[in-house]
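The values are calculated or read from the model by the stated rules, or taken from the named source; none is laboratory data. Just so it is clear, the structure is predicted and the values come from calculations on it, not from any experiment. Glycine also receives a Cβ, built like all others from the backbone with ideal geometry; neighbour counts cover every protein chain displayed.
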Amino acid sequence: MVDVYIVVYSLLGMLICLPALLLALNLLMPQVTHRIETRLEQTPGKSFFLGVPVTAAFLLFIAITANIPGLGQASAFLAAFIGMGLGTVGAAGLSRLLARRVTLLASPSSDVLNLLRGAVIYELACLFPIVGWFLFAPVVGITVLGAATFGLLGWLPRRAVSEPVAVASNQ
């Protein structure tokens, strides 16, 4: 019975700490999370399609090196650690996007409170049984990994081309 309590309370502790981690990342790295938010808002498809090979590269490298004793296992752990960190930074950008969108719906509104709301919305959506676990979390996880890669590299989407400005000619 004690083992069950350990698992349950460990999970509850992680669920409470995740929104705080995403909020802290938004406060500590506002430029990076803003770039990720911009990518997720303007080019989610490109973020997803970059996230697929990035995720595959991490998973393939971990699968190959995890069974090699010594440095192989250490490098697999390091790759997993970097991949999870990249995904967490991407999730912070997604929570920033959700916070901006929930601002219109929330009555008492502050930036920090909305960032926290965005993080909780993202976390609860991932926890929804079956659809959240097997559809929402993997698709959004791959997308935020791609957006985080774009954001950390500083690659912002191109500005939309507005209507061409008519130039008066002297004829």
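Counting only residues that are within 26 Å of Ala76 (Cα to Cα), of a type in the set (Ser, Thr, Tyr) and free of Cβ contacts under 8 Å to residues at least 40 places away in the same chain, how many does region 1-60 have?
Summing the residues that are within 26 Å of Ala76 (Cα to Cα), of a type in the set (Ser, Thr, Tyr) and free of Cβ contacts under 8 Å to residues at least 40 places away in the same chain in region 1-60 gives 1.
Going through region 128-161 one residue at a time, which ones are farther than 19 Å from Ala56 by Cβ, of a type in the set (A, V, I, L, M, F, W, C), modelled with pLDDT under 95 and surrounded by 12 or more Cβ atoms within 10 Å (Cβ to Cβ)?
Phe128, Trp133, Trp155, Leu156 - these are the residues of region 128-161 that are farther than 19 Å from Ala56 by Cβ, of a type in the set (A, V, I, L, M, F, W, C), modelled with pLDDT under 95 and surrounded by 12 or more Cβ atoms within 10 Å (Cβ to Cβ).
What is the number of the single condition among (1) modelled with pLDDT of 95 or more; (2) within 17 Å of Leu23 (Cα to Cα) that Arg117 does not meet?
That leaves (1) as the condition not met.
Just give me the residues in region 107-120 being in a helix (DSSP H, G or I) and not polar (S, T, N, Q), in sequence order.
Result: Asp111, Val112, Leu113, Leu115, Leu116, Arg117, Gly118, Ala119, Val120.
For region 50-69, state whether one or more residues are aromatic (Phe, Trp, Tyr) and buried (at least 18 other Cβ atoms within 10 Å of the Cβ).
yes
Can you tell me how many residues within region 102-116 are surrounded by fewer than 22 Cβ atoms within 10 Å (Cβ to Cβ) and under 27 Å from Thr55 (Cα atoms)?
Count: 1.
Could you pull out the residue among Leu98, Leu104 that is assigned to a helix (DSSP H, G or I) and without any contact (Cβ under 8 Å) to a residue 40 or more places away in the chain?
Selected residue: Leu98, the only one of Leu98, Leu104 that is assigned to a helix (DSSP H, G or I) and without any contact (Cβ under 8 Å) to a residue 40 or more places away in the chain.
Would you mind stating whether Ser10 is crowded, with 16+ Cβ neighbours inside 10 Å and in a helix (DSSP H, G or I)?
So Ser10 fails the test.
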